[in-house]
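> One structure coming up, written as structure tokens, with questions to follow.
The values are calculated or read from the model by the stated rules, or taken from the named source; none is laboratory data. The structure presented is a predicted model; accordingly, all values stated were derived computationally and were not measured. Don't worry about glycine lacking a Cβ; one is built from the backbone with ideal geometry, like all the others, and counts go over all protein chains shown. What goes into the accessible areas is simple: the full protein's heavy atoms, side chains included, and nothing from ligands, DNA or RNA. Shrake-Rupley method; radii C 1.70, N 1.55, O 1.52, S 1.80 Å.
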Amino acid sequence: MRKKELWQKVEKAATERGVKQYKYLYRRMLDENIIRKAYKKLRKGKTKRIEIQKIDADLDNEVAAMRRMIENTKPPDVPVEHPELAYKPKKRKPKIIREKGKTRKIFMPEIHEQWLHHIIVLILEPIITATAYPYSCGSFPKRGAHYGKKRLLKIIQGGKNIRNFAKIDIRHFYDSIRLDILMRELRIRIKDELFLYIVELCLQGFKKGIPLGFYISQWLANYLLEPLDHFITDKLGIPNLIRYMDDIVLGHDNKKKLHQAIVEIKKFIGRRFRLKLKRNYQVFKFNYQKKNGKVVGRVIDFMGFLFFRNRTTMRKAIMLSATRLASKLHAAKEAGRGYFKKHLEAMLSYMGWFSCTDTYDAYQDYIKPYIKVRQLKKIISKLTRRANRNEAVDTGTKRKPAGRIAACGA
């Protein structure tokens, strides 16, 4: 089937299903209330940055300038009053991050670009979430790893279609997304070419894929895979599906049906999105214990958790990182040194893993003897109150963050 015929078929099917179409989104981008609301979301947690302080000092003029930029950002064949004020995407070098054997390129947009991205997402968010699969996690608000964990535990406790599981992953997902295909998917529901032109302009300039680090990237990537969610649940009849961005877990009693589903998923994402699955997909019998005590099958390794039938633990790498950090904080205290704030925040973050998994014995042995969580919380609370007090009387000058924090007898 030719590419043009395929897309005509997709659009026709969407029309027959009565898919709601959206217009006049560009007009909403010019709404001053939307621009201010997007900036409020942008500045959260960034109030100490110089560029944010400069915008805060002259917010009314900055809002007006952002509106003028959007007004003058239109396709080349549409006349504008001040073309020199139009948004022009900048070329920027990526920041290379290597972790857990993976290398990622992170792009950091300029502050006004981030502001524009927040305006776009503010308009797209109700459109995307209205029809999104309820258990697609990873970028939607309040749908993180813990949300996915609760759903998977509910499936396991329900006891239906959990004899076998499949775990699949899309190969180089962000880097493999084609901009032309993404825009075609958006055009199925969005009938506003001026709005779509700005969205496409934000993602231009990248040789391949959509950039990690852009606020709009995670939303658009999730929107792209929405048809896949409905294809798996409706067409293939797999009831137990959880997707964490491009990581997918499927559950069914029939192992043969899971293998067939993977074949169909390969065809679907290949034809519609020009994407491929990783070759290391897994179909396995879910872990259980026989009457003679022998353990059969494997656990589900998903979102950093290890799911058993009767308990949930965390990955070994996360456990090691947490215990090593606890030892490091203990050594700093014994040597009379202060703590780094980032280490305290990381330690409290790790405590979230212990509190929502069945790892209390490990906490008792490797964490509790070395740190006092209540004392760490007091230190962080004190620093937060001090920062809030400073922001209340901020004059716009840059403040130097404290390098180390005294141990305070923790």
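> Taking A326 as the residue in question, decide whether it is within 30 Å of R184 (Cα to Cα) and open to solvent by less than 30 Å² (accessible area, probe 1.4 Å). Give the derivation first.
Working: within 30 Å of R184 (Cα to Cα): no; open to solvent by less than 30 Å² (accessible area, probe 1.4 Å): yes.
Against the criterion (within 30 Å of R184 (Cα to Cα) and open to solvent by less than 30 Å² (accessible area, probe 1.4 Å)), A326 does not qualify.
> Follow-up. Select from region 191-213 the residues that are open to solvent by 10 Å² or more (accessible area, probe 1.4 Å) and not in a helix (DSSP H, G or I) and list them in ascending order. It would help to see each step written out before you state the result.
Just the residues of region 191-213 that are open to solvent by 10 Å² or more (accessible area, probe 1.4 Å), to begin with: 191-194, 197, 200-201, 204-209, 212-213.
Within region 191-213, K191, D192, Q204, G205, F206, K207, K208, G209, L212, G213 meet the criteria.
> Test of understanding: among R243, R272, which residue is surrounded by 17 or more Cβ atoms within 10 Å (Cβ to Cβ), touching a Ser or Thr at 6+ places or on another chain (Cβ under 9 Å) and not in a loop (DSSP other than H, G, I, E, B)? Walk me through how you get there before you give the answer.
Values: R272 fails: touching a Ser or Thr at 6+ places or on another chain (Cβ under 9 Å).
Among R243, R272, only R243 is surrounded by 17 or more Cβ atoms within 10 Å (Cβ to Cβ), touching a Ser or Thr at 6+ places or on another chain (Cβ under 9 Å) and not in a loop (DSSP other than H, G, I, E, B).
> Can you pull out the residues in region 339-362 that are open to solvent by less than 20 Å² (accessible area, probe 1.4 Å), in contact with a strand residue (DSSP E or B) (Cβ under 6 Å, 6 or more places away or on another chain) and in contact (Cβ under 8 Å) with a residue 60 or more places away in the chain?
Y339
Yes/no per residue for (1) open to solvent by 20 Å² or more (accessible area, probe 1.4 Å); (2) touching a residue at least 12 places away in the same chain (Cβ under 8 Å); (3) outside any helix (DSSP H, G or I):
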| position | (1), (2), (3) |
| --- | --- |
| K88 | yes, no, yes |
| K93 | yes, no, yes |
| V121 | no, yes, no |
| P126 | yes, no, no |
| P134 | yes, no, yes |
| S139 | no, yes, yes |
| L153 | yes, yes, no |
| I168 | no, yes, yes |
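> Further question on the same structure: Take the residues in region 281-296 that are open to solvent by less than 40 Å² (accessible area, probe 1.4 Å) and not hydrophobic (A, V, I, L, M, F, W, C); name whichever of them is nearest to I248 (Cα to Cα).
Taking the candidates together, the pick is N287.
> Name the residues in region 37-61 that are exposed (fewer than 14 other Cβ atoms within 10 Å of the Cβ), among the charged types (D, E, K, R) and free of Cβ contacts under 8 Å to residues at least 60 places away in the same chain, would you?
Answer for region 37-61, where residues must be exposed (fewer than 14 other Cβ atoms within 10 Å of the Cβ), among the charged types (D, E, K, R) and free of Cβ contacts under 8 Å to residues at least 60 places away in the same chain: K40, K44, K46, D58, D60.
> Looking at (1) open to solvent by 40 Å² or more (accessible area, probe 1.4 Å); (2) at pLDDT 95 or above; (3) closer than 18 Å to H172 by Cβ, which is the one condition that is false for E264?
(3)
> Does any residue of region 282-299 turn out to be assigned to a loop (DSSP other than H, G, I, E, B), closer than 15 Å to I168 by Cα and in the same structural domain as L153 (by the TED database)?
No, that holds for no residue.
> Still on this structure, please answer the following. Quick one: which of L59, L85 is of a type in the set (A, V, I, L, M), at pLDDT below 95 and closer than 23 Å to D192 by Cβ? Step through it out loud before you land on a result.
Working: L59 fails: closer than 23 Å to D192 by Cβ.
Step by step, each of L59, L85 is checked, and only L85 is of a type in the set (A, V, I, L, M), at pLDDT below 95 and closer than 23 Å to D192 by Cβ.
> Another question, then. For region 170-180, give me the residue count where each residue is of a type outside the set (F, W, Y) and either buried (at least 16 other Cβ atoms within 10 Å of the Cβ) or at positive phi (or both).
Residues of region 170-180 that are of a type outside the set (F, W, Y), as a first pass: 170-172, 175-180.
This time we only want the ones that are either buried (at least 16 other Cβ atoms within 10 Å of the Cβ) or at positive phi (or both), so: 170, 172, 176-177, 179.
Of the residues in that region, 5 qualify.
> Okay, next question. What is the residue count in region 43-79 for residues that are farther than 18 Å from L25 by Cβ and either of a type outside the set (D, E, K, R) or out of contact with any helix residue (DSSP H, G or I) (no Cβ under 8 Å at 6 or more places or on another chain) (or both)? Reasoning before the result, please.
Going residue by residue through region 43-79, those that are farther than 18 Å from L25 by Cβ are 43-65, 68, 76-77, 79.
Add one more test, that the residue is either of a type outside the set (D, E, K, R) or out of contact with any helix residue (DSSP H, G or I) (no Cβ under 8 Å at 6 or more places or on another chain) (or both), and what stays is 44-45, 47, 50, 52-55, 57-61, 63-65, 76-77, 79.
Residues flagged as farther than 18 Å from L25 by Cβ and either of a type outside the set (D, E, K, R) or out of contact with any helix residue (DSSP H, G or I) (no Cβ under 8 Å at 6 or more places or on another chain) (or both) within region 43-79 amount to 19.
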